[in-house]
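A short write-up of the structure that comes next.
Every number in this text was worked out from the coordinates using simple rules, so none of it is lab data. A quick note: this is a predicted structure, and the numbers were derived from the prediction, not measured. All Cβ positions, even for glycine, are placed from backbone atoms using ideal geometry, and neighbour counts span all protein chains on display.
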Amino acid sequence: MVFQNEGIKELLRNTRVLWALSHAMALLSWDAETYMPKNGVGERSLAMGELSVLSQKILLDKKIVSLVDKLGGEEGLNDYENGVIRVLKRDIKMMKALPPELVRDLAQTTQEARPMWRQAKDKNNFNIFKPYLEKIIELEKKVAEYLGYKEHPYDALLDYYEEGLKTRDVDDMFTKLEPEIRKIMDDIFMKGYYPRKHELEETKYDVDEMRCLNKKMLEILGYPFDTARIDESAHPFTIHMGIKDVRITTRYEGYDFKRSLFSTIHEFGHALYELQIDESLKTTPIGTGVSLGIHESQSRFWENMIGRSMEFAEAIHPIIKKYLPFTSKYSYEELYKYFNTVKPSFIRTEADEVTYNIHILLRYRLEKLLVAGEIKVSEVPELWDEETENLLGIRPKTHSEGVLQDIHWSQGSIGYFPTYTIGNIVSAQIRYYISNDLASFYNDISNLEFNSIKNYLREKIHRWGSAYEPKMLLKKSFGESMNAKYFIEYLKDKYL
Ligand code: MG
């Protein structure tokens with residue numbers, strides 16, 4: 001038995017209703033992005049707002065808070081039990097700090113902001129979104145003040161998404177990464193093996209054929225269709241109702257099939273994390289992935305380390321030719337090149353793995369300035385374009401391909417972007433360790449045989465849920481915390 005302490009067992013009986021609420025809210029969110037009729041959004045937003053406040057109220061119930069206080073001082077708890085206390089303490093601290101009016105205001109503002117952002121993006125007009133972003137930034141500043149921080153207000157927002165992460169850590173991360181990425185980019189262009197463009201990027205596909213290919217790909221990866229689903233949405237995502245009900249979505253642009261294919265493989269990586277959590281953690285506060293950064297390391301591992309490898313391209317070549325007949329004239333090497341075109345581009349989600357983190361750096365710089373009150377929202381579009389030019393050497397011609405491209409700010413997700421870079425770094429770190437520990441790693445990919453890889457990830461990352469905080473989990477599993485050198489080495493190895 002994972003949970004033995006009687007006090008912990010009592011606590012878990014009391015928190016189960018919180019799990020039930022999040023179970024229900026996950027289903028409502030999934031539905032809102034997939035099948036809900038368009039006009040349902042108003043009532044759904046109200047319902048979600050009320051449920052958020054209800055969940056805050058239940059969490060702050062005297063019984064739960066006093067049990068957590070009491071058990072927090074207790075010795076002899078095992079790692080899982082300590083994990084439960086750590087997670088609940090953190091949640092209680094946050095929810096205690098935030099006044100319910102702020103929680104509601106933020107929920108409502110972001111619900112209103114999302115369609116306005118979409119409209120602004122469609123019409124290429126930042127001014128439509130501007131007042132909403134101004135309000136969101138003001139609210140986020142309040143959140144930072146209520147949550148508290150030692151060095152930088154942005155610390156409070158970072159920690160919300162990635163437990164323990166500081167602005168200082170992100171600065172260090174980018175100081176190391178940026179010049180290296182820049183050098184690697186220059187070398188790639190000089191060598192010329194990896195093309196900037198590929199004609200398949202403009203080639204149309206039949207959506208039904210592509211759906212079948214994605215389904216086949218998930219079967220090959222071992223996606224359990226009796227426990228997990230795939231549907232379609234404007235922005236691909238993964239959501240879980242529990243360990244036995246995990247759902248991913250993908251999208252179909254109708255051309256450039258790698259986008260749909262790699263979205264599907266990416267979300268598979270997220271789903272696998274939730275699916276391989278130790279079943280005895282179900283319904284508890286630690287029965288889910290530990291942080292956005294660790295989660296993204298799983299999706300990027302499958303998408304890039306496996307999906308964009310030469311071994312994988314060669315192995316799936318016959319399958320792709322079968323499902324998408326227009327690809328039959330391309331060799332597997334050609335397919336590999338198509339999967340790995342490298343170029344400075346405007347859109348983050350379409351960026352290659354070399355330039356991707358530069359997109360994150362841009363957002364990180366702007367968010368930090370906004371939260372510190374050093375720039376105004378009205379200055380952001382111009383700064384966005386300038387920084388893109390500084391960092392990538394290209395200047396967006398429209399706001400839609402610049403400052404308005406991402407959904408995150410309209411959802412109030414400030415401090416979220418850096419977790420993408422953490423995911424990229426950690427995915428390369430995992431690749432280093434797995435290819436050392438698992439002699440059959442590359443052969444397994446060539447044979448499309450993924451059980452050993454999945455077992456490895458289960459043991460090192462998945463099964464623990466949120467029992468250990470992200471830094472501790474990496475230390476425990478690999479003997480060191482996050483280290484950007486593996487990512488840089490990976491890029492050099494692959495591209496130079
Ligand atoms: Mg992701």
| message | Can you tell me the length gained on complete extension of the stretch Glu350 to Lys485, counting 0.36 nm per residue apart and subtracting the Cα distance? | response | 46.2 nm
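Which pairs in the list Lys191/Lys397; Lys89/Lys460; Lys258/Lys337; Lys62/Lys150 are over 22 Å apart, alpha-carbon to alpha-carbon? Mind dumping the intermediate values first?
Details: Lys191/Lys397 29 Å; Lys89/Lys460 25 Å; Lys258/Lys337 11 Å; Lys62/Lys150 29 Å.
Beyond 22 Å: Lys191/Lys397; Lys89/Lys460; Lys62/Lys150.
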| note | Residue-normalised 222 nm signal for the chain, counting each DSSP H run of n ≥ 4 as -39,500 (n - 2.57), nearest 500 deg cm²/dmol, is -20500 deg cm²/dmol
| query | Taking the Cα-to-Cβ direction at Tyr193 and at Asp493 and moving 7 Å from each Cα, how far apart do the two end points lie in nm? | reply | 1.4
| query | Hey, with R₀ at 35 Å, roughly what FRET efficiency would Glu180 and Glu449 work out to, going by the Cβ-Cβ distance, to 0.05? | reply | 0.55
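Take every Cα-Cα pair in the stretch 222-293 and report what % of them are more than 14 Å apart. Present the calculation step by step, with values, prior to reporting the outcome.
On the way: 1503 of 2556 pairs.
Tail of the P(r) past 14 Å holds 59 percent of the pairs.
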| request: Please list, or write none, the lysines whose alpha carbon is within less than 20 Å of the alpha carbon of Lys38, excluding same-chain residues fewer than 8 places away. | output: Lys121, Lys123
| said: Could you order the peptides 241-250, 309-318, 42-51 from most to least packed, using the average number of other C-beta atoms within 10 Å per residue? | reply: 241-250, 309-318, 42-51
| If you wrap a convex hull around the C-alpha atoms of the stretch 114-260 and split its volume per residue, what is the figure in Å³? | 217
| query | In nm, to one decimal, how far is the modelled label at Asp105 from the one at Leu54, with both set 7 Å along Cα→Cβ? | reply | 2.4
| Which loop trypsin sites (Lys or Arg not before Pro) in the stretch 407-496, with loop taken from DSSP, have no more than 16 other Cβ atoms within 10 angstrom of their Cβ? | none
| message | Just to compare against my own numbers: the Cα pair-distance distribution for the stretch 293-432, 5 Å bins, whole % per bin, please. | response | 2, 9, 16, 18, 16, 14, 11, 8, 4, 2, 1, 0
| Pairwise label distance in nanometres, Asp61 with Arg463, each label 7 Å out on the Cα-Cβ vector | 3.3
| task | Jot down the radius of gyration and Dmax of the chain, Cα atoms only, both in angstrom. | result | 22.5, 68
| request: Kindly work out what percent of the DSSP beta bridges joining two residues of the chain are antiparallel, to the nearest 5. | output: 50
| Along each principal axis, Cα extent of the stretch 1-152, largest first, Å | 60, 41, 24
| Mean separation of Cα contacts under 8 Å, 6 or more apart, over the residue count of the chain: relative contact order % | 20
| For the stretch 189-240 and the stretch 22-46, what is the separation of their C-alpha centers, rounded to whole Å? | 25
| query | Quick one: in the stretch 124-173, what % of C-alpha pairs are over 18 Å apart? | reply | 41
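Given R₀ = 30 Å, what would the calculated FRET efficiency be for Glu43 paired with Met1, taking r from the Cβ atoms and rounding to 0.05? Before the final figure, lay out each step's value.
Values: r = 43 Å, r/R0 = 1.42.
The calculated FRET efficiency here is 0.10.
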| task | Find how much the distance from Thr398 to Asp171 grows on full extension, using 0.36 nm per residue of separation minus their present alpha carbon separation; answer in nm with one decimal. | result | 78.8 nm
| request: With N set to the residue count of the stretch 429-488, report its C-alpha Rg divided by 2.2 N^0.38 Å to two decimal places. | output: 1.18
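To the nearest 20 debye, what is the magnitude of the charge dipole of the chain about its Cα centre, counting +1 on the Cβ of each Lys and Arg and -1 on the Cβ of each Asp and Glu? Each step should come with its number before you reach the end.
Numbers: 68 positive and 77 negative charges, 73 e Å.
Dipole magnitude for the chain comes out near 360 debye.
Provide the FRET efficiency to the nearest 0.05 for the Asp206-Asn436 pair, computing r from the beta carbons and using R0 = 56 Å. Present the calculation step by step, with values, prior to reporting the outcome.
Values: r = 42 Å, r/R0 = 0.75.
Plugging the Cβ-Cβ distance into 1/(1 + (r/R0)^6) gives 0.85.
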| Extension gain Leu369-Leu98, at 0.36 nm per residue separation less the Cα-Cα distance, in nm? | 95.3 nm
